[in-house]
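The next block holds one structure in the form of structure tokens; read it before the comments.
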Amino acid sequence: MKTRYFIPIFLFVFSFGFSQDRDAFCLKLFKINVLLQKNHYAPKAINNSMSEYVYTTFINQLDPDELIFLRHEIDSLSKYKLLIDDAIFNTECDFLNKFIALYKGGLERQLQLVNELQKEPFQPELPDTLRHIEKGIYYENPGEIKNVFRKRLAYSVLDKYARTGTNKDSLYTRLPLVAEEMSKIEIENLRCTIENQLNPNNGLDNYVLDLFANVFSGYFDPHSNYFNVDTKNEFFSSLTSGTLSFGLIMEMGDTNEVNVNDILTGSPAFRDTRIEKGDRLIKVEHKNTTYEVNCINMNVVNTMFYSDTYKNLLLTFRKKNGVDYETRLQKEMLKNYENTVFSFIIEGKKKLGYINVPSFYSNLEGNTTNVYNDFFFELNHLKSEGAKGFIIDLQYNSGGDMTQAFYMISLFVDDGPITLLKHRQNHYNLVYNFFEKKSFNEPMVVLINGFTGSASELFAGAMQDHKRGVLLGQLSYGKGTLQTFFPLEEENPEGELLKVTIEKMFRLDGKSHQLTGIEPDITTPALLEPLFYRESDYARALEVEELGEVFQIKHKLPSSYSKAIAAGKQRIASRPHYSKISAFNASVKKQMTTPSTFPINFEAVFQAIEKENVLFTGFYELYETSYPLKLKVLKKDEKTMNYDPLLQPMVEANKQRVLTNPDVLEAAYVLLEML
């Protein structure tokens, strides 16, 4: 197998036949590879293995349903399966022209097939079945793809119509009367989907090239990613507790119209008294360029609304009475309550403090707060209102800023090591407590689950290593790596970025939770756990390592903690709600292994929906079950709700999240025993 690396001579051997865009893309690939080879924890060679992975992943992401490319087109592209490394090494990036041309042609072919279907009489029932495509089986001719579209349209109409009532016979009698009209809506939705694929925000060529750059980066590991300006802004927005926004919550209707669904109190949109719920968005103008709000421009409009790049827009709305009006809105930094630490007092024999940490956000992009400050603030208020111990909820917390985790860990442990970070070439860095002395001595229970990852796993693991708390829940996600960002252009740090995995985390016993996750002290079943996707499910995930004991922890687990763990394990085995969750998960797992072949007739579709409804009824019964916890809103939040009406529904929603989580109830029992 040939093994090659980019070398500086690359800069001088561009093919004279390239377009300027392809030259720029070749240079981009060069820079990406140089940054990865120089900084990645485990750099990989540019060889046939890389070529095969990039080719297969790239094709799968361009055409996941295998309905864009035909068999002979895939055959013509397959010659690059083991040649992408050569093409990149020799700076022959024009090989991507063929991918772009065939991809665009395939989408245009799909539109033509949809136009043909629209002219044909619609049949809601077909003597055929619909099945999931087996990977690697591409169709020989457009007629076969058209037939798949025909079957999908018929099944979609039957499925949506069958959900409108419960009387099967009555519904079936009316089917011929409504099917034709419903099919028109479904055909327009399909057309809209294809047109959106043909008209991505930055253009189809750039979409394909950006996708290729990201697939190439992902060859090194799942968390090394390429970001263009828009995706970079979206990513950083997810790491803050504030967001640049007009304060408009939009929704798309069945016929792809976009309407105002809600308006955030105090936002720029709220201050314009003309804007009301139900108003339809007609046009968006940015820098003298106007976009009609339709299928073709939907990606552009979405990006303008949700990307921080577009801060000032002229919007045209239409009232229900048909009157149009224009308004110019400037985005402002609004508090994102869904990504902000919140807490409650749990009242009972002893007051307990519950605190939810949704992510390890930081004060990026002008955000005024970070998770450490908010966390510290909430803990002090919980203590001031009598909390004797804490339940720290890290479930569904996928991580964020690692420095914030170091600060938060330091609140609970005395001077000493927290974790060991291993760089490439076996360079090590033992990270110590940021403060000389811990701020909080109270016992704690830390809740984790299969979505608890990265920085939140670091926090949970440190609490377990230092015998500071008891972990309750499910096996964590298993991301034990750290990433940092590199601008592709040093002179333009605001431009494109590359996120690169540079370190692995190790616990103080020398073991890494990378791939394996963190085992809770008390394991509970989680609703829909068979569907959880963890680090170990990624083919390119970095492997697990073990260094041997790094630092001996002198602290021992208090006897009250050991007794609480033992009692908790016994209790969970006899809890009826946990037994029901385990039984439901078994049903879900069985459903996942059932062959997915669907007859396209009303009887079969109606029966399938009935079975699905039984499953969903069972799910919602468990999901919406409230558990006997008495929650009290903190005094500071009661005061805030008096002048911030937006906070009140958020507090109620957060209350419901806590009350319907059986792990919080169990954590309260464990914490009381620890006390």
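The values are calculated or read from the model by the stated rules, or taken from the named source; none is laboratory data. Remember, predicted model here, so these are calculated numbers, not experimental data. Glycine also receives a Cβ, built like all others from the backbone with ideal geometry; neighbour counts cover every protein chain displayed.
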Top-ranked residue of region 90-106 - restricted to ones that are in contact (Cβ under 8 Å) with a residue 40 or more places away in the chain and surrounded by fewer than 20 Cβ atoms within 10 Å (Cβ to Cβ), ranked as farthest from Phe25 (Cα to Cα):
Lys104
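So that you can scan it fast, the table gives a plain yes or no per residue for (1) among the hydroxyl-bearing types (Ser, Thr, Tyr); (2) over 23 Å from Pro417 (Cβ atoms); (3) surrounded by 15 or more Cβ atoms within 10 Å (Cβ to Cβ); (4) in the same structural domain as Leu421 (by TED's automatic domain parsing):
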position	(1), (2), (3), (4)
Thr523	yes, yes, yes, yes
Glu529	no, yes, yes, yes
Tyr533	yes, yes, no, yes
Leu542	no, no, yes, yes
Ser560	yes, yes, no, yes
Consider region 121-153. How many of its residues are over 35 Å from the mean Cα position of the chain (by Cα) and under 19 Å from Asn601 (Cβ atoms)?
8
Among Val431, Val445, the single one that is in a strand (DSSP E or B) and surrounded by 20 or more Cβ atoms within 10 Å (Cβ to Cβ) is Val445
Listed residues Leu130, Leu158, Leu190; which is out of contact with any Cys (no Cβ under 6 Å at 6 or more places or on another chain) and under 27 Å from Asp210 (Cβ atoms)?
Leu190
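The rows are residues; the columns are (1) under 30 Å from the mean Cα position of the chain (by Cα); (2) farther than 18 Å from Ala213 by Cα; (3) outside the structural domain of Lys31 (by TED's automatic domain parsing).
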| site | (1), (2), (3) |
| --- | --- |
| Gln61 | yes, no, no |
| Ser78 | no, yes, no |
| Leu83 | no, no, no |
| Ala87 | no, no, no |
| Phe95 | no, no, no |
| Ile100 | yes, no, no |
| Tyr103 | yes, no, no |
Touching a Ser or Thr at 6+ places or on another chain (Cβ under 8 Å) and of a type in the set (D, E, K, R), is that true of Arg280?
no
Single unsatisfied condition, Arg174 versus (1) within 23 Å of Val605 (Cα to Cα); (2) without any contact (Cβ under 8 Å) to a residue 12 or more places away in the chain; (3) surrounded by fewer than 11 Cβ atoms within 10 Å (Cβ to Cβ):
(3)
Inside region 469-488, the number of residues satisfying the requirement of being without any contact (Cβ under 8 Å) to a residue 60 or more places away in the chain and over 24 Å from the mean Cα position of the chain (by Cα) is 1
Residue list for region 491-509, restricted to those being under 24 Å from Ala460 (Cα atoms) and modelled with pLDDT under 90
Leu508, Asp509
Scanning for something under 29 Å from Glu652 (Cβ atoms) and either of a type outside the set (A, V, I, L, M, F, W, C) or not in a loop (DSSP other than H, G, I, E, B) (or both), does region 405-424 turn up at least one residue?
yes
Filter region 235-266 down to residues that are of a type in the set (S, T, N, Q) and under 26 Å from Ser398 (Cα atoms) and give me whichever is surrounded by the most Cβ atoms within 10 Å (Cβ to Cβ).
Thr240
Can Phe606 be described as touching a residue at least 12 places away in the same chain (Cβ under 8 Å), part of a helix (DSSP H, G or I), of a type outside the set (S, T, N, Q) and over 24 Å from Tyr533 (Cα atoms)?
yes
Out of the residues in region 609-634 meeting the condition of being in contact (Cβ under 8 Å) with a residue 60 or more places away in the chain and either part of a loop (DSSP other than H, G, I, E, B) or of a type in the set (D, E, K, R) (or both), tell me which one is farthest from Arg152 (Cα to Cα).
Leu634
Here's a check for you: in region 576-603, which residue that is in a loop (DSSP other than H, G, I, E, B) and surrounded by 15 or more Cβ atoms within 10 Å (Cβ to Cβ) is farthest from the chain's Cα centre (by Cα)?
Asn601
Can you find even one residue in region 271-287 that is in contact (Cβ under 8 Å) with a residue 40 or more places away in the chain, in a strand (DSSP E or B) and either of a type in the set (S, T, N, Q) or over 29 Å from Thr193 (Cβ atoms) (or both)?
no
Quick check, is Lys632 assigned by TED's automatic domain parsing to the domain that holds Ser343, among the basic types (Lys, Arg) and touching a Lys or Arg at 6+ places or on another chain (Cβ under 9 Å)?
yes
Considering region 126-145, residues that are of a type in the set (Val, Ile, Thr) and not in a loop (DSSP other than H, G, I, E, B), and then whichever is modelled with the lowest pLDDT, we arrive at Thr129
Criterion first (free of Cβ contacts under 8 Å to residues at least 60 places away in the same chain and either hydroxyl-bearing (Ser, Thr, Tyr) or touching an Asp or Glu at 6+ places or on another chain (Cβ under 8 Å) (or both)) does Thr597 satisfy it?
no
Which residue is nearest to Val260 (Cα to Cα), if the candidates are limited to region 303-318 and must be assigned to a helix (DSSP H, G or I) and touching a residue at least 24 places away in the same chain (Cβ under 8 Å)?
Phe305
Report yes if some residue within region 311-321 is at pLDDT below 85 and among the charged types (D, E, K, R); otherwise report no.
no
Name the residues in region 604-625 that are surrounded by 12 or more Cβ atoms within 10 Å (Cβ to Cβ), under 26 Å from the mean Cα position of the chain (by Cα) and of a type in the set (Phe, Trp, Tyr), would you?
Phe616, Phe619, Tyr623
In the set Gly548, Gly568, Gly517, which member is part of a loop (DSSP other than H, G, I, E, B), touching a residue at least 24 places away in the same chain (Cβ under 8 Å), over 21 Å from Asn429 (Cβ atoms) and of a type in the set (Gly, Ala, Ser)?
Gly517
